[in-house]
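Trainee: Before we start, here is the structure in question, set down as structure tokens.
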């Protein structure tokens, strides 16, 4: 894991290397049990705010799927198609 001082100033906090490294480390877990252990381990090294970003990025694909299945999104895409 990266040290707290290792940041790239032009990137938002959610894209800092330490956040992305934590996401990758947890995402590569071979099973749910190990994933939960890794979340616990990472949470001892990151702040609460950083952990919110890590967990948000881990569920981002699921959120996108939920959004794309919503009626609001389907209405938006149909409106967008008629405008073009």
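Trainee: Take residue 40 and tell me if it is in a helix (DSSP H, G or I), touching a helix residue (DSSP H, G or I) at 6+ places or on another chain (Cβ under 9 Å) and loosely packed, with under 11 Cβ neighbours inside 10 Å.
Mentor: On the way: in a helix (DSSP H, G or I): yes; touching a helix residue (DSSP H, G or I) at 6+ places or on another chain (Cβ under 9 Å): no; loosely packed, with under 11 Cβ neighbours inside 10 Å: yes.
The answer is no for residue 40.
Trainee: Determine the pairs where a residue that is closer than 19 Å to residue 13 by Cβ, located within segment 25-53, has a partner that is surrounded by 11 or more Cβ atoms within 10 Å (Cβ to Cβ) and at pLDDT below 95 with Cβ atoms under 6 Å apart, the partner being 6 or more residues away or on another chain.
Mentor: 45/1; 53/14
Trainee: Related question: Answer yes or no: is there a residue in segment 17-28 that is outside any helix (DSSP H, G or I) and at pLDDT 95 or above. It would help to see each step written out before you state the result.
Mentor: Keep residues of segment 17-28 that are outside any helix (DSSP H, G or I), which gives 28.
Next cut, at pLDDT 95 or above only: 28.
Checking segment 17-28: at least one residue is outside any helix (DSSP H, G or I) and at pLDDT 95 or above.
The values are calculated or read from the model by the stated rules, or taken from the named source; none is laboratory data. What you see is a predicted model, and the numbers here were worked out from it, not measured in a lab. No Cβ is skipped: glycine too gets one built from the backbone with ideal geometry, and neighbour counts run over all protein chains shown.
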